[in-house]
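The block underneath contains the structure these notes are about, expressed in structure tokens.
The values are calculated or read from the model by the stated rules, or taken from the named source; none is laboratory data. Just so it is clear, the model here is predicted, and its values are computed rather than measured. Methodologically, a virtual Cβ is constructed for each residue, glycine included, from the backbone with ideal geometry; neighbour enumeration extends over all protein chains shown. Areas reflect the complete protein model, heavy atoms only, side chains present, ligands, DNA and RNA absent. Shrake-Rupley method; radii C 1.70, N 1.55, O 1.52, S 1.80 Å.
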Amino acid sequence: ALLRPPTSFFLKFSNYLKEINSCRQENPSTVIDSNTEFEQFYQGIKVEFARTTLHAKDGMVQSMSNNIFRLADITTRPGINANAAFSRAVAYVGARSYLWENALEAQLAEDYRKPAGELVILPPMKDVTEQAALAYKFDIYATDPLYRAHVYVDANNGAILLENRIIHRNDTAFK
């Protein structure tokens, strides 16, 4: 059964996610027709790719889409600092030049800045990692060669866990 008004559902759902780990609502203002998003957190650290969206119309929740993870016993204290992780990410990419090295171009690209790194929990993912891992996430934007990806570096040992490309290439000609 759908609950009216949707705010009561948002509150109940938010409390439910807090019981699993902890949840913070991205947009605290609720309107009659809305998509309200929640992110999953583990001990105050964002869980990457974990998001729940409630879709409401005319004051009633119509549907929900989500991706949440059961997490336990994850260390939240990094073994390496963000600078060391950044060096690993840059070495992995191996570009000749990066956007943050050219202030004018970086400003034109939505004021892109050298990434500081964000500490996140990378959930278990097939062909990536069997267990959740504490990781630094870097938005690496290279200009030579052209490349942009979120690079995830294990915050305990510096290993590259995942490269999630933002700029995709296709070397196949159209026919």
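Dipole magnitude for the range 42-175: about 160 debye, using +1 per Lys or Arg Cβ and -1 per Asp or Glu Cβ, origin at the Cα centre. Roughly speaking, what is the centre-to-centre gap between the range 107-175 and the range 45-78 when only Cα atoms are used, to the nearest Å? Centre-to-centre (Cα) distance: 21 Å.
Heavy atoms of the protein chains alone define the surface here; on that basis the range 48-173 has 60 Å² accessible area per residue at 1.4 Å probe size. The largest-to-smallest principal axis extents of the Cα set in the range 114-166 are 34, 23, 15 Å.
Qualifying chymotrypsin sites (Phe, Trp or Tyr not before Pro) in the range 115-175, where qualification requires a DSSP coil assignment and no more than 14 other C-beta atoms within 10 Å, comprise Phe174. For the range 49-120, the relative contact order comes to 20 percent (Cα pairs under 8 Å, sequence separation of at least 6).
Per-peptide packing, taken as the mean over residues of other Cβ atoms within 10 Å, places 88-97, 36-45 in the sequence 36-45, 88-97 from highest down.
FRET efficiency for the pair Thr53 and Met125, taken as 1/(1 + (r/R0)^6) with r the Cβ-Cβ distance and R0 = 25 Å, rounds to 0.80. For the range 108-167, GluC sites (Glu not before Pro) meeting the loop criterion (DSSP other than H, G, I, E, B) and having at most 14 other Cβ atoms within 10 Å: Glu110, Glu130.
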